[in-house]
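> Okay, here's the structure, questions in a sec.
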Amino acid sequence: MTSDVHAADGADTGIVPERTSEWSVAAEILRRDGAAIVEGCPTEPASLVHAAARLLGTDLRRVEPVRRAEGDGDGVLGPHTDGATVTYRTRSGAMSWRVPDDDVLLQLCAVPAPEGGHSVLLDGYALVDEVQVTRPALGAFLTDVDLDYLGGYDGRQRGANEHPFVGRTVEHTRAGRRIVTVSDLATPLPRHPDRDTQAAQLDEWLDVVGAAFAAAPRFLLGEGDLLCVDNYRVVHGRDAYRGQRLLHVMTARSAHAA
């Protein structure tokens, strides 16, 4: 079974990850398709750290604190990449809780929702490639224009703080690996002379992503399912759900993030 990855147009780039119980197979699927599901994992939060080591091996460089994604019903979580940054100061100095440059996202389902909560994944590389062919002006915007990825933060949004994070929608590591960032908090830089034009282009890009999200196939994570995602490539979100749901979430950085 192979991943259901389509790139015919911007509204047809959904990914349904291949499932496996073998870590070496999961690592290969992740490299090939950008996402994989490992079945039968222990649901304790600490198992995410073990999973990162098994998945990345000697390429593992760091892990961030495990966080709980828990609720008793919630609305749609729109398409995004896990690029927020949260830092805080202690007596030992500045500490990070979430960082924007981790290239692996792990989501472990401990309690699936009794109704809804389907996951959605989009191939960001395929989305960008299609836009650059069909909408070259928008494609240039994605690669050439700096945005403030927390500019829309209003003090009530989850998973972000007020520290600005400036970057482009499409960037590359110094080794040439492509990074696609999607955030509904992004805004043009303050006082930029082309701010209005850039705001319109950003809206156009988010419309493309939103159409792809609406058309993408859905899949459910069951108890013990671990979703492994290339956070540089894959855009993720989920549908609304009812009832109790609990995921343990962690990001990790590999040797290939530099």
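The values are calculated or read from the model by the stated rules, or taken from the named source; none is laboratory data. Everything numeric here is computed off the predicted structure, so don't read it as measured data. Quick reminder, even Gly has a Cβ in these numbers, built from the backbone with ideal geometry, and neighbours come from all protein chains shown. Remember, those area values only see protein heavy atoms, side chains included, never the ligands or the DNA or RNA. Shrake-Rupley method; radii C 1.70, N 1.55, O 1.52, S 1.80 Å.
> With runs of 4+ DSSP H residues as the only contributors, calculate the mean residue ellipticity of the chain at 222 nm using -39,500 (n - 2.57) per run, divided by the residue total and rounded to the nearest 500.
Calculated at 222 nm, the ellipticity per residue is -7500 deg cm²/dmol.
> Springs between alpha-carbon pairs under 10 angstrom, Gaussian network model over the chain: which of Arg238, Arg91, Arg62 fluctuates most?
Of Arg238, Arg91, Arg62, the most mobile in the Gaussian network model is Arg91.
> Mean-square fluctuation check for the chain, GNM, Cα pairs under 10 Å: which of Ser21, Ser183, Ser119 is largest?
Ser21
> Would you work out the charge dipole size for the chain about its Cα centre, treating the Cβ of every Lys and Arg as +1 and the Cβ of every Asp and Glu as -1, and quote it to the nearest 20 debye?
Result for the chain is approximately 940 debye, rounded to the nearest 20.
> Please express the shape of the chain as an equivalent ellipsoid: the semi-axes are the square roots of 5 times the eigenvalues of the C-alpha gyration tensor, given largest first in whole angstrom. The partial results should precede the final answer.
Values: eigenvalues 150, 94, 71 Å².
After diagonalising the Cα gyration tensor, the semi-axes are 27, 22, 19 Å.
> For region 177-233, state which trypsin sites (Lys or Arg not before Pro) are in a DSSP loop and have at most 10 other beta carbons lying within 10 Å of their beta carbon.
Loop-located and lightly packed - Arg191.
> When the solvent-accessible surface of protein heavy atoms is calculated with a 1.4 angstrom probe, in what order do Thr169, Thr134, Thr43 fall, highest first? It would help to have the intermediate numbers written out before the result.
On the way: Thr169 0, Thr134 80, Thr43 40 Å².
Putting Thr169, Thr134, Thr43 in descending order of accessible area: Thr134, Thr43, Thr169.
> Additional query: Could you report region 129-249's accessible area per residue, 1.4 Å probe, as an integer in Å²? Mind showing how you got there, number by number?
Details: 5860 Å² over 121 residues.
Accessible surface, normalised per residue, equals 48 Å².
> Where does each of Ile179, Ile15 land when they are ordered by accessible area, with a 1.4 Å probe and the largest first?
Details: Ile179 35, Ile15 0 Å².
Descending order: Ile179, Ile15.
> Continuing with this model, one more query. If the chain between Asp196 and Asp144 were fully stretched, how many nm would it gain, using 0.36 nm times the residue separation less the Cα-Cα distance?
Extending this stretch completely gives an extra 17.1 nm.
> Across region 143-151, in residue order, what do the Karplus-derived ³J(HN,Hα) couplings come to in whole Hz, using 6.51 cos²θ - 1.76 cosθ + 1.60 with θ = phi - 60° and x for Gly and Pro?
Those phi angles translate into 9, 10, 10, 6, 10, 9, 6, 10, x Hz.
> Let me ask something else. Which residue, chosen from Val229, Ala215, Ala199, occupies the Cα position most advanced towards the positive end of the dipole of region 194-255, where the dipole is computed from +1 (Lys, Arg) and -1 (Asp, Glu) charges on Cβ about the Cα centre?
Val229
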